[in-house]
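Got a structure for you, written out below as structure tokens; questions coming shortly.
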Amino acid sequence: MTSFLLAMTFFLVVMVAVGLFCVLRGASNADRMMAVQLFGTGGIAALLLVGVAHGTEGVVDVVLTLSVLAAFAAVAFVKADESSAKDENRPEQGS
Amino acid sequence: MRIAADIFTIVAILTGAFFFLAGTVGLLRFPDTLTRLHALTKADNLGLGLVVLGLLPQSNSVFAGLKMILVWLLVLLASATVSQLIARAARRDGPPS
């Protein structure tokens, strides 16, 4: 079972790495942010798999940190995007 | 009993990995931003959910299992919020297509 879990971890990490090509190529900034979001979720799943495979419970705490961090990164991106858009062209138009 | 739990784990985690594969392929191949967001949220919600579900029979204690479910619920909440925010940013950046 341990080797299966580790093989799945490897698979997920490869998937996330392929998804990160979107950050390089990205059609828009939103697409880049989506790739980072996938990195967050894939990283969470991979860490959980490793934690259970090796029987180390503490990994779940690392996972909690990562999940909060990924969410905050996306919120920070959207806030920065919003304020730069306001500065550039339409100062009066809110959402 | 042990074998049944192991089979359940393998099936659930393989299904979860499939959703991650689908999410990555969708992110790379779908034509516009909103469809890519759709593909991504499948990986977030179902992929991680199935992986957590598959890991439950392997965890040592009930408490550890509950904590993993809690992580999934947190990610669900966060990804629902974040996908709304990203969609709004994408719509502001370019014309909706």
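The values are calculated or read from the model by the stated rules, or taken from the named source; none is laboratory data. In this text, all values refer to a predicted model and were calculated from it rather than measured experimentally. To get the accessible areas, we keep the full protein, side chains included, count just its heavy atoms, and leave off ligands, DNA and RNA. Shrake-Rupley method; radii C 1.70, N 1.55, O 1.52, S 1.80 Å.
Evaluate the relative contact order of chain B (contact order divided by residue number), counting alpha-carbon pairs under 8 angstrom at least 6 apart; express in whole percent.
So the answer I get is 32 percent.
Give me the one-decimal Kirkwood hydrodynamic radius in Å for segment B:18-97, with the sum taken over alpha-carbon pairs.
After inverting the mean inverse Cα-Cα distance, the result is 13.9 Å.
Sum -39500 (n - 2.57) across every DSSP H segment of at least 4 residues in chain A, then divide by the residue count to get the 222 nm mean residue ellipticity, nearest 500.
Computed ellipticity for chain A at 222 nm equals -28500 deg cm²/dmol.
If you don't mind, there's one more thing I want to ask. Provide, in order from the shortest bin, the percent of all Cα-Cα pairs of the protein assembly as shown in each 5 Å bin, continuing until the bin that contains the maximum pair distance.
1, 8, 17, 20, 18, 13, 9, 6, 4, 2, 1, 0, 0
Round to the nearest 10 and report in Å² the accessible area of A:ASP61, as given by a 1.4 Å probe over the protein chains' heavy atoms.
Its accessible surface works out to 70 Å², give or take rounding.
Going out from 0 in 10 Å bins, what whole percent of all Cα-Cα distances in segment A:9-58 drops into each bin?
Binned Cα distances yield the sequence 28, 42, 21, 8, 0.
Averaged across orientations, what area in nm² does the convex hull of the alpha carbons in segment B:1-50 project?
Directional mean of the projected Cα hull area for segment B:1-50 stands at 3.0 nm².
Follow-up question, since we're still on this one. Run the helix sum for chain B: -39,500 (n - 2.57) per DSSP H stretch of 4+ residues, divided by residue count, reported at 222 nm to the nearest 500 deg cm²/dmol.
Taken over chain B, the calculation gives -27500 deg cm²/dmol.
Same structure again: Run through all the Cα pairs of segment A:25-87 and give the fraction in each 5 Å bin from 0, expressed as whole percent.
3, 17, 22, 18, 14, 10, 8, 5, 2, 1, 0
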